[in-house]
1. Kindly give the semi-axes, whole Å and largest first, of the ellipsoid equivalent to the stretch 11-132, taking each as the square root of 5 times a Cα gyration tensor eigenvalue.
2. How high is the FRET efficiency from residue 68 to residue 243, r the C-beta distance, R0 45 Å, rounded to 0.05?
3. Using alpha carbon centroids, what distance separates the stretch 1-19 and the stretch 215-288, in Å?
4. Against the longest principal axis of the chain, how steep is helix 202-215, in degrees 0 to 90 to the nearest 10, with axes from Cα atoms?
5. Regarding the chain, what is the average projected area of its C-alpha convex hull, in nm²?
6. Using 0.36 nm per residue, how much length does the chain from residue 141 to residue 274 gain when fully extended, once their Cα-Cα distance is taken away?
7. Take the Cβ-Cβ distance between residue 36 and residue 218 as r, set R0 to 51 Å, and report the resulting FRET efficiency rounded to the nearest 0.05.
8. Give me the distance between the Cα centres of the stretch 83-114 and the stretch 186-206, rounded to whole Å.
Amino acid sequence: MNKLERPTYDDDAALDALAGNPLLGSHPTLQSHVAKLKAAYMQYVAASGDVRAVAPVALPATTATHLRGHYGSPPKALAHIAEIRMRSDSNTCPMCGSLHSGTLDHVMDKEDHPAFSIFSQNLVPACKCNSKRLKPLVGPNPGERILHPYFDTVLSERIVAAYLTDLGAIPRIETRIVLDPLNPHFAAASFHHDSVIMRTGIHGYLLSRWAKLMLRPWLIVPELRLNPVDRSEFVSIVGAELVRNDEIRDSKNNWDSVFLSGLLDDHVVDWLYARLTRPGRLPNGPLL
Ligand SMILES: [Zn+2]
């Protein structure tokens, strides 16, 4: 999960170029819908990408098919689609926080919302969570909706942390919302967590981080090569590593930061500190 700068491509110009190209199969069908699509784009931005507020756009089935087809095989006028996809490589996934992306996600899916199939503000870099997330874009309760990485600044805040219990070789690891419940986007963040993040492999990833921490603590927190002098120093070390991860990944909700946040819960700190400092343990040795 991550807030991204909005793309600055001229979508209206791209539409004009598409609709005016007699060599494309969409010509001249698309021409009669250019004004409606431009108005829809403007309304989408005015609604700040809030899927509850973006008005539905009725299009004939043939026009919808052409627009989806142009996304799948972009003509020259849509060269920016490949650019957005290419630029997304190796970055934190803005939709789920995994440590890679590489493909594009339609925030409003092109099957149900074909008008936004090629709209750059609707195309967000993503990982394979793109194909796993739940279909409904809104939930039954007030405020529940998918978050939009180009518009929702709440994505810059810490929203998700790991929650570890039954500490040992294989603990129970869940994810929980740590955003202030009074935040106006709390319901949306919770819905996004359930619809997107819970559908990914995040829990397996967090377990693999824990396994490494048990074996070689410095692999997860380099400063733990040496044992902390007291509990308070341990908390400072893990907290500093969390901030370092946030900055490296440009995201407070990347999966490594989600894991490190979970280590700072009091009961986890107590358990880890006791393990780190138990009699007979060699510095940087295993915790179990
Ligand atoms: Zn993802």
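Nothing in this text is a laboratory measurement; each read-out follows from the coordinates by a stated rule. Fair warning: this is a prediction, and the values are worked out from it, not measured in the lab. A quick note on method: Cβ atoms are made from the backbone with ideal geometry, for glycine too, and the neighbour counts reach across all protein chains shown.
1. That gives 25, 17, 12 Å for the three semi-axes.
2. 0.60
3. 42
4. Its long axis makes an angle of about 30 degrees.
5. Over every viewing direction, the Cα hull of the chain projects on average to 15.8 nm².
6. Gain on stretching residue 141 to residue 274: 43.6 nm.
7. Efficiency, from the Cβ-Cβ distance: 0.30.
8. Going from one Cα centre to the other spans 16 Å.
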